[in-house]
Amino acid sequence: MGARAARPRGPRRGAENAARRRRAPGARQPTRSRSTRGRSVARGLRLTAPAWRAPRVARPEMAPDPVAAETPARGPTPRYFTWDEVAQRCGREERWLVIDRKVYNISEFTRRHPGGSRVISHYSGQDATDPFMAFHINKGLVRKYMNSLLIGELSPEQPSFEPTKNKELTDEFRELRATVEQMGLMKANHVFFLLYLLHILLLDVAAWLTLWVFGTSFVPFLFCAMLLSVVQAQAGWLQHDFGHLSVFSTSTWNHLVHHFVIGHLKGAPASWWNHMHFQHHAKPNCFRKDPDINMHPFFFALGKILSVELGKQKKKYMPYNHQHKYFFLIGPPALLPLYFQWYIFYFVFQRKKWVDLAWMITFYTRIFLTYVPLLGLKGFLGLFFMVRFLESNWFVWVTQMNHIPMHIDHDRNVDWVSTQLQATCNVHKSAFNDWFSGHLNFQIEHHLFPTMPRHNYHKVAPLVQSLCAKHGIEYRSKPLLSAFADIVHSLKESGQLWLDAYLHQ
């Protein structure tokens, strides 16, 4: 930068000071003492010396530095990293990830991450650009909070993706996502979700009226249990919509209604669902990262790769070659009444989720006060666990038909599209299938765009099919009953693979 010019002195400075002391016409002048007025006059005379007085010599100006003049001011030099350096930060002590080529240190942030510590940790040492885009509806706000985590960026010579990811496929999927947003497919129809909620509430009231009007004999009791099972299953699909932030444009409203649906209508904690389900979406069918396949290896041997691996290790926790048979005993009938029903209370107390507990209490208080007067305590408990039993069968068959028959493996850090497509499949569209599965028969579209409102899945499906066809990726869709049967067939196949590896290695 050039040196400062010499400050002008003499008459100009006196004139400026005199102008500052000048008052507006008619303004009252402050009273000053004689001595004060004298000093002011003398000072003014000195500052307004005649022009013939010898002027002061100004300081000479320094020649400007041409380099400094041409070089703009810069902030701190950014730190550059390679993919190898990022990949090494995936342990418990230090965790980094990359979003849009920027490197973030999430080591301390994981415990404060609103979506849970594990879901973000599953991408430590990896590029997380696509899951970041998929899970957040207000990305600008989230990026502001991420600034404190920023430690650098990828070196200019580094590619934007790891070598394990398909660059062309990823680029075209991002273009597809931009097209989908421009088409308005990420915006929800609030009337659709309002009507869906009303049909759940009406069925809930109809279940109670069945006992109140027709009595508590076996047939009304069974019919009431069936209606309540429909209520619980459909409320499960609806809370799934709010949990994925796919209904309202702000997270606050989605979270609030999510608490109401899952807490008050179902008696489960929203934080538990977030903790489990977002991990499943981040790394579907990835062992140790997807909690939905945690029954491997203690109850089932899942997937071809993991089953053979288990057999070679000579591990046998269950008779896996018969797992396609005992699945009917410890799978659909038992998951909710014998596991989830108790684990959710352990979860809220262990993690001190008192808001979730308060919502859950409203559910149990409501059903206790409405059904105990009609059925008594024993009848109420019988009804409650019958509903949980029926709901559990419904829930397990629907949620597992899209994943258990698909590829199950360790995390290979492949691109977002490949990760989702190899772990999911669809069930053919129909009015019944859409309602029965809560539109999760469009599992592929749901996994690629988890915040998309479910009523738009069928609109984006042709675009996804075209993308898959172009890149040679199988887009699987099957009838509902075939999807159910494939669960059993895949369990039988993986059990046999385990047995062969166990006996012959």
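Where a number appears in this text, it was derived from the coordinates with a stated rule and is not lab data. As the structure is a prediction and not an experimental result, all values here were calculated from the model. Glycine gets a Cβ as well: all are built from the backbone with ideal geometry, and neighbour counts include every protein chain shown.
Computed from the C-alpha gyration tensor, the three semi-axes of the ellipsoid equivalent to the stretch 346-400 are 22, 21, 8 Å, from longest to shortest.
Under conditions of 37 °C and 0.692 mPa s, the stretch 142-203 yields 201 µm² s⁻¹ as its translational diffusion coefficient, taking Rh as the Kirkwood radius over Cα pairs in the Stokes-Einstein equation. For the stretch 230-302, dividing the convex hull volume of the Cα atoms by the residue count gives 102 Å³ per residue.
What pairs in Lys167/Lys304; Lys283/Lys459; Lys187/Lys459; Lys289/Lys312; Lys283/Lys314; Lys165/Lys470 have C-alpha atoms more than 19 Å from each other?
Violating the 19 Å limit, Cα to Cα: Lys167/Lys304; Lys283/Lys459; Lys289/Lys312; Lys283/Lys314.
Kirkwood analysis of the Cα pair distances in the stretch 410-472 returns a hydrodynamic radius of 12.3 Å. Report, in debye and to the nearest 20, how large the dipole of the stretch 434-481 comes out about its Cα centre when Lys and Arg carry +1 and Asp and Glu carry -1 on their Cβ. Here the stretch 434-481 has a charge dipole of around 60 debye. Bridging of Lys478 to lysines at a Cα separation below 16 Å is possible for Lys429, once same-chain residues fewer than 8 apart are set aside. Using 0.36 nm per residue and subtracting the Cα-Cα separation, the extra length available between Val372 and Phe345 on full extension is 7.5 nm. Decide, for the stretch 78-143, between rounded, prolate and oblate: order the square roots of the alpha carbon gyration tensor eigenvalues as a ≥ b ≥ c, take rounded if a/c falls under 1.5, and otherwise choose prolate if a/b is larger than b/c, else oblate. Oblate. The Cα atoms of the stretch 214-271 define a convex hull whose projected area, averaged across directions, is 4.4 nm².
Summary of the geometry: the stretch 422-442 and the stretch 464-480, compared by the centres of their Cα atoms, lie 14 Å apart. Length available on full extension from His458 to Asp171: 0.36 nm per residue minus the Cα-Cα distance, which gives 101.0 nm. Maximal additional length on extending the Phe260-Asn147 stretch stands at 37.4 nm, based on 0.36 nm per residue less the C-alpha distance. With the cut-off at under 18 Å, measuring from each backbone N in the stretch 369-402 to a point 7 Å along the Cα-to-Cβ line of Met226 picks out 383-395.
Over the stretch 304-376, the hull volume per residue, using the convex hull of the C-alpha atoms, is 160 Å³. Please say if the stretch 359-505 is rounded, prolate or oblate, where rounded means a/c under 1.5 for a ≥ b ≥ c the square roots of the C-alpha gyration tensor eigenvalues, and otherwise the choice is prolate for a/b larger than b/c and oblate otherwise? Oblate, because a/c is 1.5 or more while a/b does not exceed b/c.
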